[in-house]
Amino acid sequence: MLRGDIKMKNVLIVDDERSFLTSLSEGLATYDSEFNTLTAENGKKAVETLNSTRIDLVVTDLKMPEMDGFELLAYMSRHHPDIPVIIMTAYGTPEIRKKAHSMGASQYLEKPLDFKDLVDKILLELAASSEGYLRGITLPTFLQLVEMEKKTCTLKVTSRGRVGYLYFNEGELIDAGTESETGEQAAYDIVCWDEAEIEIERRCRQKHRTIHTSLGHILMESFRLKDEKDRNNSGNRIIEIQDDDVNGLIQQEEQNLELSGKEAKMNTLKDILNEFTKLQSVTAVCLVGRDGFLLDSIARTGIDTDMVGAIASSGFGTAESMGRQLGKGALTMSMIEFENGPVMFSPVGENAFLVIVAERDANLGMIRLKLKKHCHELAAAASI
Amino acid sequence: MTEGKILDIAHISFLDMIKIMITLSGAASAKGTLIRNAIKTAEKIPEVSYASFDDYLAAIENATNPIAMIEGKSSHQGDFVFGLKNCPFGPSIKNYTEVFGKLPEGFGDFTVEFNKPGPVTDRYCVGEGAGVSPFCAVHQPMRSAFAERIKIDGKNIKIYQLGCKSGSGKKGFAEKWIEESGNSKDVVDKVLDEHMCCYYLKILD
């Protein structure tokens with residue numbers, strides 16, 4: 001039964017296993033001073049609850065009969081886009097687990113559930129929504145879920161009067177279309193649409209494959225293009241982008257940076273480092289000389305960046321030595337994954353490297369993108 | 001019956017350890033580790049104050065001066081330029097090369113790395129050409145870091161590494177520090193004719 005207190009939060013758990021729902025409800029009852037727990041056995045029943053009761057958080061499985069988790073998420077994108085969602089899924093393989101983490105692990109829970117983990121995430125999400133954050137599922141997250149679960153479907157995406165289609169066959173994006181574009185270009189456009197509403201059809205309406213690029217690459221590149229467009233719209237020089245190859249784009253940006261050297265010099269080292277700490281769950285970014293002495297850093301309180309630099313120098317050097325030993329060429333990026341998040345290293349010029357310390361739910365794709373984008377600016381700003 | 005050689009395993013192990021550091025994590029990282037270690041050593045010594053430069057020199061002579069304690073007695077050549085007769089790592093190098101014929105591989109790369117400009121070598125005014133072996137990466141920053149804990153007449157002092165000479169007689173000059181300290185390469189060259197190491201002591205205002 002729901003409490004009368006208007007401030008009491010309501011959490012809806014959606015799963016088709018009745019015994020699981022019952023035991024979860026009983027377990028969560030001990031937190032009834034924090035939130036109410038409601039349950040639904042499939043997406044359809046969850047929709048009924050969503051339309052009749054104020055829900056503050058949905059925790060859902062993906063594989064369910066009648067209306068599955070994807071259809072529920074698509075429905076929520078249209079009708080309840082502001083409600084945060086936690087997804088319960090059996091990752092299955094380390095690769096999928098890694099991908100889920102890179103998507104923002106705070107929104108994912110691995111089955112079988114760790115009860116304490118579930119409670120922690122529920123409380124965290126509820127606290128975040130109290131602070132005014134909108135944490136509903138985003139289109140990129142939804143697409144990665146489709147890939148992760150190897151789903152075959154057609155997605156109709158609507159945003160501000162625009163309509164686009166994304167076609168997935170067993171989790172692979174094979175085609176896309178908007179009113180003006182088809183294939184990969186259409187996909188680049190669609191995935192960056194704001195306030196996207198999603199409709200899902202349980203079959204792939206396209207048979208012919210036109211997209212051969214991975215979804216991860218398309219997402220990263222779309223963010224980059226969007227970022228670039230935003231900058232151009234805010235008064236910077238317009239850059240014509242025709243080369244879809246990411247290396248081509250990066251080269252183009254490098255040339256652009258050389259041409260507008262003044263702009264590069266305007267950026268202080270701190271400004272550039274700050275670009276990284278703006279990213280979700282990045283706790284420290286350190287520019288370190290190859291000898292391990294710190295050149296500059298921004299870090300949360302409690303992180304000894306001098307020590308990070310010294311230790312990272314050894315790790316970075318070891319990774320380089322391994323590459324040399326194995327004939328792998330120059331090191332472009334190194335990442336160590338820890339229980340509580342990754343540490344990434346990337347060379348900056350010939351005499352320095354960047355260390356990025358992040359938490360478990362950091363978006364690794366965005367970090368990589370920022371690394372590629374700011375590498376030359378960093379080297380210039382640090383005068384290395 | 002021929003007489004065998006007695007190895008000092010502390011010497012042998014130290015030199016081989018440097019080689020392993022270079023192999024595992026690269027010359028730059030190994031350089032940083034050795035310099036950091038030198039700085040940490042300096043942090044352990046108590047601060048010392050001398051009433052005058054003459055008192056400072058006297059403390060070198062009787063080996064109570066912290067710098068003299070780590071490197072032996074250096075001699076004042078005039079105008080605050082000092083020469084050190086023997087490299088403190090000389091016995092280690094001799095011991096190693098007597099047994100193995102030559103120094104470990106990778107030491108050359110390390111020396112090149114030490115001489116590269118960088119924030120830490122700038123801070124301690126070392127390297128920049130004055131490095132002739134990996135041991136300079138320990139000795140030179142350690143001396144400069146020790147100097148930061150010494151006062152003369154209530155004033156801080158700073159050491160500039162001007163040059164160094166290898167066991168084979170090859171001289172290395174830190175032109176940057178020679179110029180910045182207001183000395184001439186000729187003076188340093190002459191000091192190195194008779195000494196292994198040459199540095200300048202500046203009493204800061």
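Summed over segment B:129-145, the residues that are outside any helix (DSSP H, G or I) and within 14 Å of chain A (Cβ to nearest Cβ) give a count of 2. Report, by residue number, each residue of segment A:326-360 that is farther than 19 Å from residue A:275 by Cβ and acidic (Asp, Glu). Scanning segment A:326-360 gives A:337, A:339, A:350. Number of residues in segment A:167-200 that are crowded, with 17+ Cβ neighbours inside 10 Å and in contact with a Cys (Cβ under 9 Å, 6 or more places away or on another chain) equals 6.
Of all the numbered requirements in (1) more than 14 Å from every other protein chain (Cβ to nearest Cβ); (2) surrounded by fewer than 14 Cβ atoms within 10 Å (Cβ to Cβ), residue B:107 misses one, and that requirement is (2). Determine whether segment B:62-73 contains at least one residue that is free of Cβ contacts under 8 Å to residues at least 24 places away in the same chain, in a helix (DSSP H, G or I) and more than 14 Å from every other protein chain (Cβ to nearest Cβ). Yes, because at least one residue in segment B:62-73 is free of Cβ contacts under 8 Å to residues at least 24 places away in the same chain, in a helix (DSSP H, G or I) and more than 14 Å from every other protein chain (Cβ to nearest Cβ).
Counting residues in segment B:148-157 that are surrounded by fewer than 22 Cβ atoms within 10 Å (Cβ to Cβ), farther than 24 Å from residue B:78 by Cβ and β-branched (Val, Ile, Thr) gives zero. Residue B:102 meets each of the listed conditions (1) charged (D, E, K, R); (2) away from every other protein chain (no Cβ under 14 Å); (3) crowded, with 21+ Cβ neighbours inside 10 Å apart from (3). Would you be able to say whether some residue in segment A:348-363 is away from chain B (no Cβ under 14 Å) and either among the basic types (Lys, Arg) or over 26 Å from the mean Cα position of the chain (by Cα) (or both)? Yes, some residue in segment A:348-363 is away from chain B (no Cβ under 14 Å) and either among the basic types (Lys, Arg) or over 26 Å from the mean Cα position of the chain (by Cα) (or both).
Residues being under 15 Å from the mean Cα position of the chain (by Cα) and either part of a loop (DSSP other than H, G, I, E, B) or within 11 Å of another protein chain (Cβ to nearest Cβ) (or both): count how many of those fall in segment B:111-121. Step through it out loud before you land on a result.
To start, the set of residues in segment B:111-121 that are under 15 Å from the mean Cα position of the chain (by Cα) comprises B:111, B:114-115, B:120-121.
Now restrict to residues that are either part of a loop (DSSP other than H, G, I, E, B) or within 11 Å of another protein chain (Cβ to nearest Cβ) (or both): B:114, B:120-121.
Matching residues across segment B:111-121 total 3.
Consider segment A:312-345 and keep the residues that are of a type in the set (Asp, Glu) and away from chain B (no Cβ under 13 Å). The one that is surrounded by the fewest Cβ atoms within 10 Å (Cβ to Cβ) is A:339. Restricting to segment A:293-311, what's the tally of residues that are in a helix (DSSP H, G or I), more than 15 Å from residue A:273 (Cβ to Cβ) and more than 9 Å from chain B (Cβ to nearest Cβ)? Of the residues in segment A:293-311, 3 are in a helix (DSSP H, G or I), more than 15 Å from residue A:273 (Cβ to Cβ) and more than 9 Å from chain B (Cβ to nearest Cβ).
Within the set B:35, B:93, the sole residue that is of a type in the set (A, V, I, L, M) and more than 28 Å from residue B:182 (Cβ to Cβ) turns out to be B:93.
Name the residues in segment B:176-205 that are over 25 Å from residue B:155 (Cβ atoms) and in contact with a Cys (Cβ under 8 Å, 6 or more places away or on another chain), would you? Within segment B:176-205, B:192, B:196 qualify. For segment B:31-49, does any single residue satisfy the condition of being more than 14 Å from every other protein chain (Cβ to nearest Cβ), surrounded by 19 or more Cβ atoms within 10 Å (Cβ to Cβ), of a type outside the set (Gly, Ala, Ser) and more than 14 Å from the chain's Cα centre (by Cα)? No, because not a single residue in segment B:31-49 is more than 14 Å from every other protein chain (Cβ to nearest Cβ), surrounded by 19 or more Cβ atoms within 10 Å (Cβ to Cβ), of a type outside the set (Gly, Ala, Ser) and more than 14 Å from the chain's Cα centre (by Cα). Cβ-Cβ contacts under 9 Å between residues 6 or more apart (or on different chains), taken from a first residue in segment A:315-332 that is on the phi > 0 side of the Ramachandran plot to a second residue that is at pLDDT below 85 and not basic (Lys, Arg), are absent.
Has segment B:26-43 got any residue that is among the acidic types (Asp, Glu), free of Cβ contacts under 8 Å to residues at least 40 places away in the same chain and within 25 Å of residue B:156 (Cα to Cα)? Scanning segment B:26-43, I find no residue that is among the acidic types (Asp, Glu), free of Cβ contacts under 8 Å to residues at least 40 places away in the same chain and within 25 Å of residue B:156 (Cα to Cα), so the answer is no.
For residue A:338, the conditions (1) at pLDDT 90 or above; (2) over 17 Å from the mean Cα position of the chain (by Cα); (3) of a type in the set (A, V, I, L, M, F, W, C); (4) over 29 Å from residue B:19 (Cα atoms) all hold with the exception of (1).
The values are calculated or read from the model by the stated rules, or taken from the named source; none is laboratory data. Computed from a predicted model, the values in this text were never measured in an experiment. Because the Cβ atoms are built from the backbone with ideal geometry, glycine has one as well, and the counts that use them run over all protein chains shown.
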